[in-house]
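See structure below.
Any read-out appearing in this document is the output of simple, stated calculations on the displayed coordinates, not a laboratory observation. Small disclaimer: the values here were computed from a predicted structure and weren't measured. Positions of Cβ are generated from backbone atoms using ideal geometry, with glycine treated the same way; all protein chains shown enter the neighbour counts.
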Amino acid sequence: MMPDYGRARERMVDTQIARRGVRDTRVLEAIRQVPREEFVDPGFEEFAYDDGPLPIGANQTISQPYMVALMIEAAGLQPSDRVLEVGAGSGYAAAVMSRIAARVYAIERHEQLVAAAKRRLQKLGYENVELRVGDGTRGWPEAAPFDAILVAAGGPEVPMTLKEELAIGGRLIIPVGLQQFHQTLRKVTRLSETQYEEEDLGGVAFVPLIGEQGWAENGRHSAGNPVPGRSRGRALPEGL
Ligand code: SAM
């Protein structure tokens, strides 16, 4: 018998997300609409509504549903917003955001993940999402400025380019920390041309943000400094 994904999704929203304090009705409604089972690897569908991240290939993960909800709520998405996501992975978070915001631009460094995410979004008819392969720490200059930017991987610092691509009043949500796989979720709000406000939202564990303004492939800070306290080769999932 086909599992009842609709019921599993309702239960997930109630028990994993709303009960933990996510109140934004736009976020809860969007998560109720998006079939998460379409975004996991074949064979993992039955775990799609479990309370954790899942593998999506290329050694990457689809984030824990609660973490997706928390980040989108923190970004305060509005229906007219233009949003950038760095680290599109399976395309799930971009799909959820596309049900709230006017337009979503999403960048992912792994080509195979972008190809799979594009297929899923097309199948679901989510036409207001644009996906591309690249290094998201360099932003998406042609589409900037953005009302919100979500980064789904952890970097050693907040990439300057992403701060500069925020509209005035725009919000950037990003895991930041000098240890890979352990960060603080940070919210950066652009108050004016030159002023930003920063807020810490608590501890998280994301896969590393790899790029020009993130970590280098070899685990070093891209600026060239060795990394203190790097946890070598141990991949904790995000959303712990
Ligand atoms: N939001 C995704 C989802 O809903 O499936 C989960 C993304 S996963 C936790 C983080 C992703 O960030 C990985 O797929 C990884 O390849 C990607 N990534 C890491 N550094 C990146 C960069 N500089 N630019 C673009 N993508 C990056």
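Rounded to the nearest 20 Debye, what is the dipole magnitude of region 119-227 about its Cα centre when Lys and Arg each give +1 and Asp and Glu each give -1 at the C-beta? Don't jump to the answer; show the numbers that get you there.
Values: 11 positive and 15 negative charges, 90 e Å.
My answer is approximately 440 debye.
Could you work out the relative contact order of the chain? I mean the mean sequence separation of Cα pairs under 8 Å and 6+ apart, divided by the number of residues, in percent.
Details: 524 pairs, mean separation 35.3, N = 240.
Once normalised by length, the contact order is 15 percent.
Of the options Met2, Phe181, Ala74, report the single residue whose Cα projects farthest towards the positive end of the charge dipole of the chain (beta-carbon charges: Lys, Arg +1; Asp, Glu -1).
Most positive-ward Cα: Met2.
Under a cut-off of 15 Å between alpha-carbon atoms, report the aspartates and glutamates in cross-link reach of Lys118, not counting same-chain residues fewer than 8 places apart.
Within the straight-line cut-off, Lys118 pairs with Glu38, Asp41, Glu85, Glu108, Glu127, Glu130.
Starting from a Cα-only point model with no solvent, please compute log10 I(q)/I(0) by Debye for region 139-208 at q = 0.15, 0.21, 0.23, 0.25 1/Å.
So the normalised log intensities work out to -0.44, -0.82, -0.94, -1.06.
Mean shadow of region 1-52, computed from the convex hull of its alpha carbons, in nm²? Working shown, then result.
Values: hull surface 14.7 nm².
Taking the Cα atoms of region 1-52, their convex hull projects to 3.7 nm² on average.
For region 1-138, max minus min Cα coordinate along each principal axis, in Å, sorted largest first?
37, 35, 25
Whole-Hz Karplus ³J(HN,Hα) for region 165-173, in order, using 6.51 cos²θ - 1.76 cosθ + 1.60 and θ = phi - 60°, x for Gly and Pro?
The phi angles translate into 8, 7, 6, 4, x, x, 10, 10, 10 Hz.
How much mean residue ellipticity at 222 nm does the chain get from its helices, if each DSSP H run of length 4 or more adds -39500 (n - 2.57) and you divide by all residues, to the nearest 500 deg cm²/dmol? It would help to have the intermediate numbers written out before the result.
Details: 6 runs with 53 residues, N = 240.
Computed ellipticity for the chain at 222 nm equals -6000 deg cm²/dmol.
Longest segment of the chain with no GluC sites (Glu not before Pro) in a DSSP loop having at most 12 other Cβ atoms within 10 Å? Walk me through the numbers before you get to the answer.
Values: sites that count: Glu127, Glu142, Glu193, Glu217.
No qualifying site falls inside 1-126, the longest such stretch.
Using a Förster radius of 25 Å, what is the FRET efficiency between Phe47 and Asn218 based on their Cβ-Cβ separation? Nearest 0.05, please. Don't skip to the end; give the middle numbers.
Numbers: r = 32 Å, r/R0 = 1.29.
After rounding to 0.05, the efficiency reads 0.20.
Taking a cut-off of 24 Å between Cα atoms, list the lysines near Lys163, but don't count ones fewer than 8 places away on the same chain.
Lys187
What would the Debye formula give as log10 I(q)/I(0) at q = 0.07, 0.11, 0.15, 0.16 Å⁻¹ for the alpha-carbon point model of the chain, no solvent?
Ignoring solvent entirely, the Cα scatterers give -0.20, -0.51, -0.99, -1.14.
Under a 5 Å amide H to amide H cut-off, with H placed in plane at 1.01 Å, what residues pair with Phe146 once short-range neighbours are removed?
Placed amide hydrogens put Leu166, Ala167 under 5 Å from Phe146.
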